[in-house]
Each structure stands twice: as C-alpha cells, then as structure tokens.
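S.K.: Have a look at this one before I ask anything.
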C-alpha cells in the first residue's frame, strides 16, 4: 500500500518509505535517509547525522501508518502527545536504511500507545515509547 495513502505527512516531513508488516501486535517499516534530506545541511555540515527527534518521529509515523493500514482508526489523524524512555544508541548517517519495529501496547478509538526500536545494520539506533491522541482535524 502506498505510504501517502496511510499518512497525512508529506515531504519534507514524511519519514516512512514502506510498511512491511502490520498486525494487532506489531508493525514493521523502513526509511532510507538520503543525503539530500534538508536537515543534513545543518545537523551537522561536516558530519551529517539524522537528528534524534527525527528518529522518534519516524517510529511514531511508522506506528501510525501501520494502524491506519489495519483500519483500526479509519481516516482519523493521530497527534504525538507524549514520548518516554528514549535512548539513542547509534548514529544514523546519510544513506542508512532504518528498520522500525513497533509494538502496539494499547490501541483505542482515542489513543495509540506504542514502543519501538529503530535498527540500522542489525544495531539498535534508537528506542522509545510514545502515545498519540486520535481525532479529527479541526475545521
């Protein structure tokens, strides 16, 4: 399924390329960070690294996209509400492909609670837990 049919995000703030697996228990997706990403110009000019906040955002987008693919929240939007227990363990550099493994902790019509790991070449780069509120876009 096309990722833009699952997420309202668009470039330059779309950080999931593909959902490989989506079930009630877990979601797996990927993102390759090309050297052309705009944030690399400033983070850092002589040693580009994916910002940690982008890794967390990528995992939350992956988790939300998987839930949308399952049809659990229909066409509703999800908004990041909290982030906990974040750990950064490895740098992610231009050209790296990140495999995101997301575990669904609690899913309801009003919220998503998930945790996940961002993995590069078999090494955990980032792990976190987060909650998203589910709702309609304001009119």
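S.K.: Out of 111, 59, 100, any idea which swings most in a Gaussian network model of the chain, alpha carbons joined below 10 Å?
M.R.: Per the Cα network of the chain with a 10 Å cutoff, 111 tops the list.
S.K.: Now, a different point. Run the numbers for residue 90 and residue 18: contour at 0.36 nm per residue of separation, minus the present Cα-Cα distance, in nm.
M.R.: Details: separation 72, 0.36 × 72 = 25.92 nm, distance 2.19 nm.
Extra length from residue 90 to residue 18 when fully extended: 23.7 nm.
S.K.: Based on the alpha-carbon set only, what is the convex hull volume of region 81-128 divided per residue, in Å³?
M.R.: Values: hull volume 4.3 nm³, N = 48.
For region 81-128, the hull spanned by Cα atoms encloses 89 Å³ per residue.
S.K.: Right, here's the next one. How many nm separate the modelled label positions at residue 121 and residue 75, each set 7 Å beyond the Cα in the direction of the Cβ?
M.R.: It works out to 4.4 nm between the two label points.
S.K.: Build a GNM of the chain with springs between Cα atoms under 10 Å: which of 92, 83, 16 gets the top mean-square fluctuation?
M.R.: With Cα springs under 10 Å in the chain, the top fluctuation among 92, 83, 16 is at 83.
S.K.: Further question: From the helices alone, meaning DSSP H stretches of at least four residues, give me the mean residue ellipticity at 222 nm for the chain, per-run term -39500 (n - 2.57), in deg cm²/dmol to the nearest 500. Kindly include the intermediate steps, with their values, before the conclusion.
M.R.: Working: 1 runs with 19 residues, N = 139.
Using -39500 (n - 2.57) per qualifying helix, the result is -4500 deg cm²/dmol.
S.K.: Starting from the exponent 0.38 and prefactor 2.2 Å, build the expected Rg for the chain from its residue count and divide its actual Cα Rg by it.
M.R.: Working: Rg = 14.4 Å, N = 139, 2.2 N^0.38 = 14.3 Å.
Its radius of gyration relative to the 2.2 N^0.38 Å reference: 1.00.
S.K.: While we're looking at this one, here's another question. Provide the gained length on full extension for the span residue 39 to residue 1, in nm with one decimal, where the gain is 0.36 nm per separating residue minus the Cα-Cα distance. Provide the component values of the computation, followed by the final result.
M.R.: Numbers: separation 38, 0.36 × 38 = 13.68 nm, distance 2.73 nm.
That pair, residue 39 and residue 1, stretches by 11.0 nm at full extension.
S.K.: For the pair residue 105/residue 82, report the inter-label distance in nm, with labels modelled 7 Å from Cα in the Cβ direction.
M.R.: Going by the 7 Å Cα→Cβ label model, 0.8 nm.
S.K.: If you average the sequence gap of Cα pairs under 8 Å that are 6 or more apart and divide by the length of region 17-139, what percent do you get for the contact order?
M.R.: Details: 257 pairs, mean separation 36.3, N = 123.
It comes to 30 percent, rounded to a whole number.
S.K.: How far is helix 52-70 tilted, in degrees, relative to the longest principal axis of the Cα atoms in the chain, given as a value from 0 to 90 rounded to the nearest 10?
M.R.: 30
S.K.: May I ask for the Kirkwood hydrodynamic radius of region 12-80, worked out over all distinct Cα pairs and given in angstroms to one decimal? Walk me through the numbers before you get to the answer.
M.R.: Numbers: mean 1/r = 0.0758 Å⁻¹.
In region 12-80 this quantity evaluates to 13.2 Å.
Values quoted throughout were computed directly from the atomic coordinates according to the rules given, and no laboratory measurement underlies them. This structure is a prediction, so every number in the text was calculated from the model and none was measured. FYI the Cβ positions are ideal-geometry reconstructions off the backbone, even for glycines, and counts take in every protein chain you see.
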